[in-house]
Structure formats: C-alpha cells, structure tokens
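One structure is given here, and the rest of the page talks about it.
Any read-out appearing in this document is the output of simple, stated calculations on the displayed coordinates, not a laboratory observation. This structure is a prediction, so every number in the text was calculated from the model and none was measured. Cβ coordinates were reconstructed from backbone atoms using ideal geometry, including for glycine residues, and neighbour counts include every protein chain displayed.
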Amino acid sequence: MSEGAASAPVTVIEYASVACSHCAAFNNTVFPAFKARYVDPGEVRYIAREALTGDTGLAAAGFLTARCAGKDKYFKVLDDIYRAQAQIYASGSPESVLLKIAKDAGLSESRFETCISNPAGLAALKARWSYAMNEEGILQTPTFVINGKVYQGEMSLAEISAAVDQARAKAARS
C-alpha cells in the first residue's frame, strides 16, 4: 500500500509490523511530521510493506484487518493499531481491541472474523513477507529503503529527513 505521488523524486519503503514496538514508536512520534513534510506535498512516495515480526499472529490479524477495511482506510487502521499497541498487549485479548478498531473502520464483527481467518489472505501475506526476507534480505523491523538505500532500525525525524534530502539531491543530479 502506498501514499503520496507516484511521480515523487524519492520513494521510501518501510517494512514494519503492527506487532513491533519500534515500528509503533516511529508511527506514533515520527511518521505524522514526516508525512506532513514530505508525503503530503508530493516530495516522497511512501510504501508500507507488511512484516510478520514480533507476535506474528497479531501482526497478521492487524494487517488482514487493515486490508479488509479497504485502501482508503488501510493507513488509518494501521495507525489505530500502532496507537493501541500497548493496550493490545496489556489487555490479554488482542482480538477484542482489533475488533473495536475494525468496527470503527466500518467492518462488522462477522466481516472482521472472516478477514482475520481468511486462508488465502494469510497465505498471500506470508508469501509477501517470505519474499521480503528471502529475496530482498529484510530481516528486521523497521527497515527503510530510501531510493534503494537500506536503513535498518527506528529512525528519528532528523535521520529520515537527512536520508530523504540526500536521496532527493542524488536524484536531482541524475
């Protein structure tokens, strides 16, 4: 899934898991300012790639819920899951928190249950993550690929801004 102009001079791919605390920290503290500064004005095309790290069952259920909510609600659902991550882990009942998020996104309980238990959806998700690990060498989350250059681990706004600015300058010289 992506946000931003396809013609942007810089592409940022983030491999992240909704079950990864570092990914949640990036989403909750850095991504809003990053999006406002680069994605919304068309400077960066942002692509989210789903990773099954941390609690892989939670990660899969979260991503399947977001996909079932639809492309127009996908990023909102992911944001809600990241922001509820501590509650999800503390509740002892991650499915009930995910169900509330799903309902807020317009999914019925039965649609939510169908989504998170869909064998084809789960197989496709696992295949995408397997490809990322085996073919692209992505082994941890978050991992960022900025115009082809790989950055592993959580990035501050200053760090990701410097990487984007460097990629933009390099693209302008090409």
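Annotations
- Applying the criterion of at least 2 residues that are touching a residue at least 60 places away in the same chain (Cβ under 8 Å) and over 20 Å from TYR15 (Cα atoms) to the helices (runs of 4 or more DSSP H) found wholly in the stretch 68-174 leaves 157-173.
- Being over 23 Å from ALA25 (Cβ atoms), in contact with a helix residue (DSSP H, G or I) (Cβ under 8 Å, 6 or more places away or on another chain) and of a type outside the set (S, T, N, Q) is a description that applies to GLY121.
- Subset of the stretch 108-125 that is aliphatic (A, V, I, L, M) and under 13 Å from GLY62 (Cα atoms) - its residue that is surrounded by the most Cβ atoms within 10 Å (Cβ to Cβ): ILE116
- The single condition among (1) more than 29 Å from ALA33 (Cβ to Cβ); (2) out of contact with any Ser or Thr (no Cβ under 9 Å at 6 or more places or on another chain); (3) among the hydrophobic types (A, V, I, L, M, F, W, C); (4) surrounded by 12 or more Cβ atoms within 10 Å (Cβ to Cβ) that ILE138 does not meet is (1).
- Residue within the stretch 12-27 that is crowded, with 22+ Cβ neighbours inside 10 Å, touching a Lys or Arg at 6+ places or on another chain (Cβ under 7 Å), in contact (Cβ under 8 Å) with a residue 40 or more places away in the chain and not charged (D, E, K, R) present: yes
- Residues of the stretch 160-174 that are under 21 Å from ASN27 (Cβ atoms) and either aromatic (Phe, Trp, Tyr) or surrounded by fewer than 14 Cβ atoms within 10 Å (Cβ to Cβ) (or both): ALA162 alone.
- Candidates ALA90, ALA61, ALA102, ALA36: the one that is surrounded by 15 or more Cβ atoms within 10 Å (Cβ to Cβ) and closer than 30 Å to SER156 by Cβ is ALA61.
- Test: residue in the stretch 36-45 that is under 17 Å from VAL77 (Cβ atoms), among the basic types (Lys, Arg), part of a strand (DSSP E or B) and touching a residue at least 40 places away in the same chain (Cβ under 8 Å): no
- Only one of the listed residues (LEU98, LEU107) is within 14 Å of ALA19 (Cα to Cα) and hydrophobic (A, V, I, L, M, F, W, C). That residue is LEU98.
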